[in-house]
Each structure stands twice: as structure tokens, then as C-alpha cells.
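Novice: Sharing a structure with you now.
The values are calculated or read from the model by the stated rules, or taken from the named source; none is laboratory data. Not measured: the values here are computed from a predicted model. Here the Cβ is made from the backbone with ideal geometry for all residues, glycine too, and neighbour counts use every protein chain on show. The area values use the complete protein model at the heavy-atom level, side chains included, leaving out ligands, DNA and RNA. Shrake-Rupley method; radii C 1.70, N 1.55, O 1.52, S 1.80 Å.
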Amino acid sequence: MNELAVNHTPLIRCCDLSKSFGAKQALDRVELEIGRGRIVGLLGPNGSGKTTLIKLMCGLLQPSAGFLMIDGHEPGVYTKSVTSYLPDRMYFADWMCSRDLVDLFADFYRDFDRKKATEMCSTLGIGPRDRIKSMSKGTKEKLQLALAMSRAAQLYLLDEPIAGVDPAARDFILSTILTNYNENGTVLISTHLISDVERTLDEAVFLKQGHVVRHEAVDELREREGKSVDALFREIFRAQPMEGGEW
């Protein structure tokens, strides 16, 4: 029997989740549940709390209040074993080549598919001896994406996966995500480039100043609002004058 048919517990559950850095409140009492087998957009402008939420899910940060569960567990050893994380910047040493990274992932992650990774790198135009220090920013991001999507993870956390690549490469990267993730897993894509990712999404989570202001299935949202997710995003996040007096 299909696992999705019998496992109805949320893959991600946030309850009253808050995170502050000193006086700055990055996330404020977030309530969120995300199921399995979904592609979900975590949508918001820069500074809305997207990366903070993803780092909490990865266990790289600890909540200031509330709690977060991944597959029924608090972030820790188990959740790291079922979560594939693509950060918003390259975190490998410049002297390494793409083959070194494939070897590293094969040694480190039990669910890593070496064959899939090498085939994906080849399709993306990345050779086994290509060194990171000689790669463009876009190629580095493609390499990290190939590594992240070659795991049979339950949760893929992709932080701005298309922000550093030219528009022509974005469709290719999104297609790579769609055709390579574990179909029983969920992909959470953090981005502010809504028009590029909208057609790939099942659900959209709008994050504004640390608050979840909307979470809906994309098809229902379009039908109810009579507009695209991108148009709604622009409406919700339209720039407004800040309070606090004159400069």
C-alpha cells in the first residue's frame, strides 16, 4: 500500500514557533503544518524569516519559544538523516572538485544515489574534475542542487535555489527539482522569485515579518482570488512607508 495513503501525520509541524536574535524577532508564533508528497513554496521578501525557519528545521538554530517537529521528531540526529538541505550559499572548500563532493555525500548519507548524482551533474554540464574555485556562482548552485536532490529524503529544504542563476537556467533547475525528488517526500522551496516557481507548486506559504499570513493550496488560491500567486504576492508585500517619524 502507498505510504502516502496510510501516513496522515504532518511531515512538518510548527506550534507557536518563535525565534529572536537579541531584540530582533525573526519569527513570531508561527503555526504551520505541511503534509507529505508536496512541493511547497515558502514565499516572502528578503528579511521575512524564510532562512531562519529553514535553519530551525535543519537543527542549525534552536527556537526561542514554541516547538517544531519533523516526521514527529524534534530536529536532531534522526531528522538530519531524512532531510536534504540546500543552503543559500556554497559551503564547500574551493580546492574540492565535483567528484570529491560526490564521494563525500556517498560516504555521509545512506540514502545518497551516486549514479543519480553523476548523471545529473553530467546533464548540468559539470565534469568530475571541475574544481569549485573555477566554477561560476550559477554552476556552484547547480552542483549543490544535484547533490541535494540525489538523496531519497523525506524532506528537501531548498533555500533560494534559483536566486543566483540567470533566467535561462531557472527553468532547467526547476525541472531538475521536479524530476528528481523522492515522490513520497516534500520539497520546501524558499524564494522571492514567485513567477519562476509558481507553476511547480502545490501549496504556498506566505511569510511576512516573521508571521505566516497565508497558507493554501495553489489551485484553490488562484480560484478564490482570481489571480496568480505572483500577483497576490505583490499585493501582500506591496512596499508601504515605515512608521517612526521623519529621517
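Novice: Magnitude of the Cβ-charge dipole of the chain, K/R +1 and D/E -1, about the Cα centre, nearest 20 debye? Could the numbers behind the result be given before it?
Specialist: Numbers: 31 positive and 35 negative charges, 133 e Å.
Here the chain has a charge dipole of around 640 debye.
Novice: Also, I was wondering about something else. Check region 12-120 and count each lysine pair with an alpha-carbon distance under 21 angstrom, considering only pairs eight or more places apart or from different chains. Please report the intermediate quantities before stating the final value.
Specialist: Working: Lys19/Lys50; Lys19/Lys55; Lys19/Lys80; Lys24/Lys50; Lys24/Lys55; Lys50/Lys80; Lys55/Lys80; Lys80/Lys116.
Lysine pair count for region 12-120: 8.
Novice: Have a look at the DSSP beta bridges in the chain and tell me what percent are antiparallel, nearest 5. Please report the intermediate quantities before stating the final value.
Specialist: Values: 21 of 39 bridges.
Antiparallel: roughly 55 percent of the beta bridges in the chain.
Novice: Can you give me the accessible area per residue for region 97-137, using a 1.4 Å probe, in Å²?
Specialist: About 67 Å² of surface per residue is accessible.
Novice: Along each of the three principal axes of the Cα atoms of region 1-140, give the extent in whole Å, ordering the values from largest to smallest.
Specialist: 47, 47, 26 Å, listed from the longest principal axis down.
Novice: Run down the lysines and flag those whose C-alpha is under 20 Å from the C-alpha of Lys227, throwing out any fewer than 8 positions away in its chain.
Specialist: Qualifying lysines at Cα under 20 Å: Lys208.
Novice: Could you rank Arg114, Arg38, Arg129, Arg199 by how accessible they are, 1.4 Å probe, largest area first? Each step should come with its number before you reach the end.
Specialist: Details: Arg114 105, Arg38 75, Arg129 180, Arg199 145 Å².
Ranking Arg114, Arg38, Arg129, Arg199 by accessible area, largest first, yields Arg129, Arg199, Arg114, Arg38.
Novice: Tell me the carbon and sulfur percent of the accessible area for the chain, rounded to whole percent, probe radius 1.4 Å. Please list the in-between numbers first.
Specialist: Working: 6250 of 12850 Å².
Heavy-atom surface of the chain belonging to carbon and sulfur, 1.4 Å probe: 49 percent.
Novice: What does the charge count near Ile126 come to, summing +1 for each Lys or Arg and -1 for each Asp or Glu among other residues with Cβ under 13 Å from its Cβ?
Specialist: Here the charged neighbours net out to +1.
Novice: Could you tell me how far the Cα centroid of region 191-236 sits from the Cα centroid of region 102-143, in Å?
Specialist: 31
Novice: Given (1) 7, 26, 27, 19, 12, 6, 2, 0; (2) 7, 29, 32, 24, 8, 0; (3) 7, 30, 35, 22, 6, 1, 0 as candidate values of P(r) over Cα pairs in 10 Å bins from 0, in percent, which corresponds to the one derived from the coordinates?
Specialist: Recomputing P(r) over Cα pairs in 10 Å bins from 0, in percent here gives the entry labelled (3).
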